[in-house]
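*Asks:* My structure is below; once you've seen it, I'll send some questions.
Just so it is clear, none of the values below were taken in a lab; they were calculated from the coordinates. Just so it is clear, the model here is predicted, and its values are computed rather than measured. Cβ sites come from the backbone with ideal geometry, for glycine too, and all protein chains shown count toward neighbours.
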Amino acid sequence: MNREGRPTGAGETQAPRSRTFTGNKALQIEEPLIFERADYGHGGVDLPEPEGLSTNLAGLEQESAPDLPGLSEPEIMRHYVRLSQKNFSIDGGFYPLGSCTMKHNPRLNEKMARLPGFADIHPLQPQSTVQGALELQHEISGWLCNITGMSAVTLAPRAGAHGELAGMMAIRAALEARGDARSVVLTPESSHGTNPATASLVGYKVKAIPARADGTVSVEAVREHLGPDVAGIMITNPNTCGLFERDFAAISAAVHEAGGFVYGDGANLNALMGRADVAALGVDAMHINLHKTFSTPHGGGGPGAGPVVFSKALAPFAPLPLLREKYGVFSLIENPDEAENASPFGRMAAFQGQMGVFVRALSYMLSHGGNGLARSTDDAVLNANYIRARLADVMSLPFGNQSCMHEVLFDDAFLKDTGVTTLDFAKAMIDEGFHPMTVYFPLVVHGAMLIEPTESESKETLDQFIETMRALVKAARSGETGRFTNAPVFAPRRRLDETRAARQPVLVYEGKI
Ligand SMILES: *Cc1c(COP(=O)(O)O)cnc(C)c1O
């Protein structure tokens, strides 16, 4: 059954236009591509005829009007505003996407990032003219080292995965420097997918380590795989099941004893910040996603920043440039000798850092203060556990009802024999006004549903979400299968082909133009 009368998305059959003529639904307005809605016969602005200019263009006159869409200013504005409304956002509603930390981004940060002294500088300006920007970077570096207890930091990486690349290249450089190139990197199965991907990109063979029954990895399981060929381990903590790796310190000690390094995935520092001593866990390198924990609007590929903190052992292999302060003057040191830096791989990116994200992150740090950051960790963890505790009786927890960190993982056992899949359940949430949680990730549990509420949601929002989830579970269990398999019916598009845009990208518009 199709309850609306709108044009449908890719891979769907056209719905009968029984209810509306326009495809609009209530005040949700359909918006075609700009090429499709434009009038090509006229321009969007009326300019007066030029006066006193030579009309002799010596054969340069245009033979036909440019093939550009002609729209008036209000039409253009509505076009882009409507497109923006197609995109669900954290400013629009609850967005519990596990592992992504979709939390409120304070407007104060935006205001700071737009200060002309930060926003209008150019990466090729002489360093003497951007001392404030460098000082800000120096200050963030101090905060990151303090929060983690680590010795050094690079602000160069543009994202979490890029940080992993920097960290693993540093580990490879350190091993090669001691003439001990190794070939294997261990990753627990519950590590983030970028971990094995990074290790393999850097040229290592990846060995996956299975978790024990409680969802964490044991030091015994790691020991079994350790040997002279192991360059190190990459561990996500909390892991992608939202659980704290409680053997972490023991695992680090074992890996160090075997001559390897420990890469900690700290993308989700919002579960640890102010509460866990990363250095004491034995980490040698760890990236921190400023765009998650330290609040920058993110998603859809950017913007982001993934600074990496280093242990003393790995600090000499950090990428260039190095940010130094001497006699109150800040400088980016590019020359490895001057930097006393052994890194053979140089830079991670053409220019230093992602300035807009740094400004937002420092604004967030300063407005919270050290205690405030610890408090936001506590609240993030509390909120996830509140959801876990209130849904544990109707949904299913793959590793028992143990407390979680900043996110809670359910599997699809509670949907058994209902004919409803995790995907159907997620789509039905859209009809109820909630962005779905992360689904089918991590891969280690069947039909995963990973919920990360973050610290910025109120109890009222969480209660509303919980009641909706409980009602949906009840509906699924009582045979209302169609409500799920047909969902979403109220969204601008129904079920899009999940992979076609990536597999068959259409990069050229072949309509009117
Ligand atoms: C988000 C995330 C990453 C990747 O970060 P990007 O900025 O998207 O590259 C890596 N590990 C974990 C645990 C994450 O949550």
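*Asks:* From the Cα gyration tensor of the chain, with a ≥ b ≥ c the square roots of its eigenvalues, which class applies: rounded if a/c is under 1.5, or else prolate if a/b is larger than b/c, or else oblate? Write out the running numbers ahead of the final one.
*Replies:* Working: a/c = 1.97, a/b = 1.17, b/c = 1.69.
Oblate.
*Asks:* Within the range 90-120, list the trypsin sites (Lys or Arg not before Pro) lying in a DSSP loop whose Cβ has at most 12 other Cβ atoms in a 10 Å radius.
*Replies:* Numbers: sites: 103, 107, 111, 114; in loops: 103, 114.
Those satisfying the criteria are 114.
*Asks:* Next up: Please report the equivalent ellipsoid semi-axes of the range 108-364, computed as sqrt(5 x eigenvalue) of the Cα gyration tensor, largest first, in whole Å.
*Replies:* On the way: eigenvalues 196, 85, 42 Å².
Each semi-axis is the square root of five times an eigenvalue, giving 31, 21, 15 Å.
*Asks:* Quick check on the range 149-263: take the gyration tensor over C-alpha atoms, sort the square-rooted eigenvalues as a ≥ b ≥ c, and tell me if it's rounded (a/c under 1.5), prolate or oblate.
*Replies:* Oblate, because a/c is 1.5 or more while a/b does not exceed b/c.
*Asks:* Want the number for residue 246 to residue 208: 0.36 nm per residue separation, take away the alpha-carbon distance, what's left?
*Replies:* Values: separation 38, 0.36 × 38 = 13.68 nm, distance 1.83 nm.
Here the segment from residue 246 to residue 208 would lengthen by 11.9 nm.
*Asks:* Quick one: order 364, 40 by neighbouring beta-carbon count within 10 Å, fewest to most. Walk me through the numbers on the way to the answer.
*Replies:* Numbers: 364 23, 40 14.
The most exposed by this proxy come first: 40, 364.
*Asks:* So, one more: Please arrange 145, 404, 100 by how many other C-beta atoms lie within 10 Å of their C-beta, fewest to most. Kindly include the intermediate steps, with their values, before the conclusion.
*Replies:* Values: 145 16, 404 25, 100 21.
Going from sparsest to densest Cβ surroundings: 145, 100, 404.
*Asks:* Which net charge results for the neighbourhood of residue 57, defined as the other residues with beta-carbon distances under 15 angstrom from its beta-carbon, given Lys and Arg at +1 and Asp and Glu at -1? Present the calculation step by step, with values, prior to reporting the outcome.
*Replies:* Values: positive: none; negative: 49, 61, 63.
Net charge around residue 57: -3.
*Asks:* Does the range 69-166 come out rounded, prolate or oblate by the C-alpha gyration tensor, with a ≥ b ≥ c the root eigenvalues, rounded set by a/c under 1.5 and, if not, prolate when a/b is larger than b/c and oblate if not? Don't skip to the end; give the middle numbers.
*Replies:* Values: a/c = 2.46, a/b = 1.47, b/c = 1.67.
It is oblate, given that a/c is not under 1.5 and a/b is not larger than b/c.
*Asks:* For residue 89 and residue 58, what does the FRET efficiency come to when R0 = 56 Å and r is the distance between their Cβ atoms, rounded to the nearest 0.05? Walk me through the numbers on the way to the answer.
*Replies:* Numbers: r = 52 Å, r/R0 = 0.93.
My answer for the efficiency is 0.60.
*Asks:* How do the peptides 409-421, 458-470 rank, highest first, by the average count of neighbouring beta carbon atoms within 10 Å per residue? Spell out each step's value before the answer.
*Replies:* Values: 409-421: 18.5, 458-470: 15.4.
The packing order, highest mean first, is 409-421, 458-470.
*Asks:* What residues qualify as long-range amide H neighbours of residue 265, i.e. H under 5 Å apart, gap of 5 or more or another chain, H built at 1.01 Å from N?
*Replies:* 235, 236, 237
*Asks:* Run lengths n ≥ 4 of DSSP H only: what is the helix-derived mean residue ellipticity at 222 nm for the chain, with -39500 (n - 2.57) per run over all residues, to the nearest 500? Show your work: numbers first, answer last.
*Replies:* Working: 15 runs with 168 residues, N = 513.
For the chain, the value works out to -10000 deg cm²/dmol.
*Asks:* Here is a further query. Could you give me the ³J(HN,Hα) list for the range 120-126, computed from phi with Karplus coefficients 6.51, -1.76, 1.60 and θ = phi - 60°, whole Hz, x at Gly and Pro?
*Replies:* Computed from phi, the couplings for the range 120-126 are 9, 8, 10, x, 9, 5, x Hz.
*Asks:* If you don't mind, another one. Provide the gained length on full extension for the span residue 29 to residue 275, in nm with one decimal, where the gain is 0.36 nm per separating residue minus the Cα-Cα distance.
*Replies:* Numbers: separation 246, 0.36 × 246 = 88.56 nm, distance 4.69 nm.
Difference between extended and current length: 83.9 nm.
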